[in-house]
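The values are calculated or read from the model by the stated rules, or taken from the named source; none is laboratory data. Owing to the predicted nature of the structure, the values given are computational and were not obtained by experimental measurement. A quick note on method: Cβ atoms are made from the backbone with ideal geometry, for glycine too, and the neighbour counts reach across all protein chains shown.
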Ligand code: FES
């Protein structure tokens, strides 16, 4: 649970998730750094759509946020 208007990244952090994705090349864990749309380290799969900046998406009730593994598929 997060306050209204909080980001998906905030919801993930509140839930205790620090790593949001793994890099495509080395598989290194990455988590949000800037929380303002600059670093892209918060990429996650949100409601089935990969490569979304979790810090720029407002959390909504029932939203599904999944950790992203490697590069996203070229297919939608
Ligand atoms: S945390 Fe840097 S772009 Fe989202």
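Being touching a residue at least 24 places away in the same chain (Cβ under 8 Å) and crowded, with 17+ Cβ neighbours inside 10 Å is the filter here; which residues of the range 1-21 pass it?
Answer for the range 1-21, where residues must be touching a residue at least 24 places away in the same chain (Cβ under 8 Å) and crowded, with 17+ Cβ neighbours inside 10 Å: 7, 8, 9, 10, 11, 12, 20, 21.
Quick check on the range 8-22: of everything there that is in a helix (DSSP H, G or I) and touching a helix residue (DSSP H, G or I) at 6+ places or on another chain (Cβ under 7 Å), which residue is nearest to the ligand (Cβ to nearest atom)?
Going through the qualifying residues, I end up with 9.
Checking residue 26 against (1) within 16 Å of the ligand (Cβ to nearest atom); (2) at pLDDT below 95: exactly one of these is not met. Which one?
For residue 26, the exception is condition (1).
Give me the pairs, please: first residue somewhere in the range 23-34 and more than 12 Å from residue 54 (Cβ to Cβ) and in a loop (DSSP other than H, G, I, E, B), second residue anywhere and modelled with pLDDT under 90 and more than 15 Å from the ligand (Cβ to nearest atom), beta-carbon distance under 6 Å, and either six or more positions apart or on two chains.
As it stands, the answer is 24/70; 24/71, since those pairs meet every condition given.
If you take the residues in the range 35-62 that are within 16 Å of the ligand (Cβ to nearest atom) and surrounded by fewer than 13 Cβ atoms within 10 Å (Cβ to Cβ), which one is nearest to residue 4 (Cα to Cα)?
Only one residue tops the list, namely 36.
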